[in-house]
Amino acid sequence: MRTRKILISFLVAQSLLLSSIAYASVKTGDSCSKLGATSTLKGYKYTCIKSGKKLVWGKGVKVSVTPQTPAPTPSSAPSETPTPSPSPVTTNAPEPTPTPSPTETKTPQDIHNLAILENSWSQVRDKKPVTESGRIIFLIDPKFPDQSRDAIKKGIDLTVSKFDYLFKTNKPIYAIFSTSLDFELAQFQKYDLMQKTYESEVTSNSILRQWRIDHYKQIDSGFKKFGSGGTMPLFNGPVEPAGYYMYFRMHPENQDPTAILMGAHETGHLLQWQMNWDFPKTIPAWWIEGQAQMIGESVASLATDFNQFERYIKSQTSPDYGGGFFSGTTNLYELEGDSVTRTEFNCAKCGTRLIYSRGKVAIHYLSGKYGNDKVINFVSTLSRTNLWWQAFEKSFGVSVDTFYTEFEAYAKWFGDYFSPGWQSSQF
């Protein structure tokens, strides 16, 4: 522990030194030599970030410069002998010096860690969307609140269009927007594959069936803020899914334009099924929800620059749809799952929102440091015999233990920076 603190102090000292280095010429995308180094040129501040295996200058951020106000010249003492007053001369009062907007002071640790986050977010932002994928069959209840409907649909469309390349086969995908149990069940009866899946659920998955019933009980009781989403496979046999469906259950009066995050998050789960058809039996709980949340927030923020994305993350102050960063463990071992397979949701804390808030930071860290394509490829290589914690080091070059240690420090910084007071927050 003492050794790590000394190492961190050394890194911070190095970053302080690097931040003072001036570069003669800086251009976004050009190579740089020191991660976290900064340079200010023509009113823009550039930070050295990691992109894949290369160190490059990130996008410049405009900085404010505080103007120097000259000290006033002291006036001489008045003469004791009065002198005739000269003819009055009208003078204009000097214009007040404008006060620049205050700028947030960032520590070298902030700069270094934000560069990792920016690299992760920008890889989603920069993905060129397809014009029209037409992959989703929307089944929408006429009573579904229109603002929530439009927001969820936008989240789905944006996410699918950015990651269209992951869909290797053209399997049917349904999205049910429902305000009542009767409407949802009626949609299953329209399609043979949906009907077979529902019949299987009735006989073999009583938990999922009760989950659906309990949701609509909350809506029927008058809980106007109720909203829920999920993504499930459609089976036509015992092996690979033959299709997928997403469900969005909402009270008819729950008009929520921020539900774009719900749509993007659930589509993140749909993408995970495309990466690995045996998902989620091959990956831990914190990864299952964390990757969907990382994709969801990156898309739902609608940010065109990193400052906008920062503000969006800071605006996530509640655990709705898995947002926010709040009190609880930062030890990913406690959020893995079953003690033997270390997957799914079989652990004491796997049913809490910690798997969302910790998981998204973990995926941002891996994506920003190693590249989002490597994160996706890692999931694609997993099977029930190719165990994830054994395959992790081959994919990322570090052991899970080393990553967990790095993550814990990064997660605590993330909480302090985006959600001050998170350790004592109550949800």
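Scanning region 287-296 finds no residues that are assigned by TED's automatic domain parsing to the domain that holds G230, not in a helix (DSSP H, G or I) and not acidic (D, E).
Going by the structure shown, is S380 farther than 23 Å from I49 by Cβ, of a type in the set (S, T, Y) and in a helix (DSSP H, G or I)? Considered against the rule, which asks whether it is farther than 23 Å from I49 by Cβ, of a type in the set (S, T, Y) and in a helix (DSSP H, G or I), S380 comes out as yes. On the basis of being part of a helix (DSSP H, G or I), among the aliphatic types (A, V, I, L, M) and out of contact with any Phe, Trp or Tyr (no Cβ under 6 Å at 6 or more places or on another chain), does I363 make the cut? The answer is yes for I363. Looking across region 242-298, just one residue is of a type in the set (D, E, K, R), crowded, with 24+ Cβ neighbours inside 10 Å and in contact with an Asp or Glu (Cβ under 8 Å, 6 or more places away or on another chain), and that is R249.
Only one of the listed residues (R342, R358) is within 15 Å of the chain's Cα centre (by Cα) and either crowded, with 18+ Cβ neighbours inside 10 Å or assigned to a helix (DSSP H, G or I) (or both). That residue is R358. Would a scan of region 310-323 turn up a residue that is modelled with pLDDT under 95, crowded, with 24+ Cβ neighbours inside 10 Å, under 18 Å from the mean Cα position of the chain (by Cα) and in the same structural domain as G155 (by TED's automatic domain parsing)? So far as region 310-323 goes, yes, one or more of its residues are modelled with pLDDT under 95, crowded, with 24+ Cβ neighbours inside 10 Å, under 18 Å from the mean Cα position of the chain (by Cα) and in the same structural domain as G155 (by TED's automatic domain parsing).
In region 318-339, the condition of being among the aliphatic types (A, V, I, L, M) and assigned to a loop (DSSP other than H, G, I, E, B) is met by no residue.
D305 fulfils the conditions (1) at negative phi; (2) surrounded by 22 or more Cβ atoms within 10 Å (Cβ to Cβ) except for a single criterion, (2).
Confirm whether K127 is part of a loop (DSSP other than H, G, I, E, B) and under 18 Å from the mean Cα position of the chain (by Cα). It is true that K127 is part of a loop (DSSP other than H, G, I, E, B) and under 18 Å from the mean Cα position of the chain (by Cα).
Exactly one residue among S133, S148 is in contact with a helix residue (DSSP H, G or I) (Cβ under 7 Å, 6 or more places away or on another chain), among the small types (G, A, S) and touching a residue at least 40 places away in the same chain (Cβ under 8 Å), and that residue is S148.
The values are calculated or read from the model by the stated rules, or taken from the named source; none is laboratory data. Worth saying up front: this structure is predicted, and the values here are computed from it rather than measured. Every residue, glycine among them, receives a Cβ derived from its backbone with ideal geometry; neighbour counts consider all protein chains shown.
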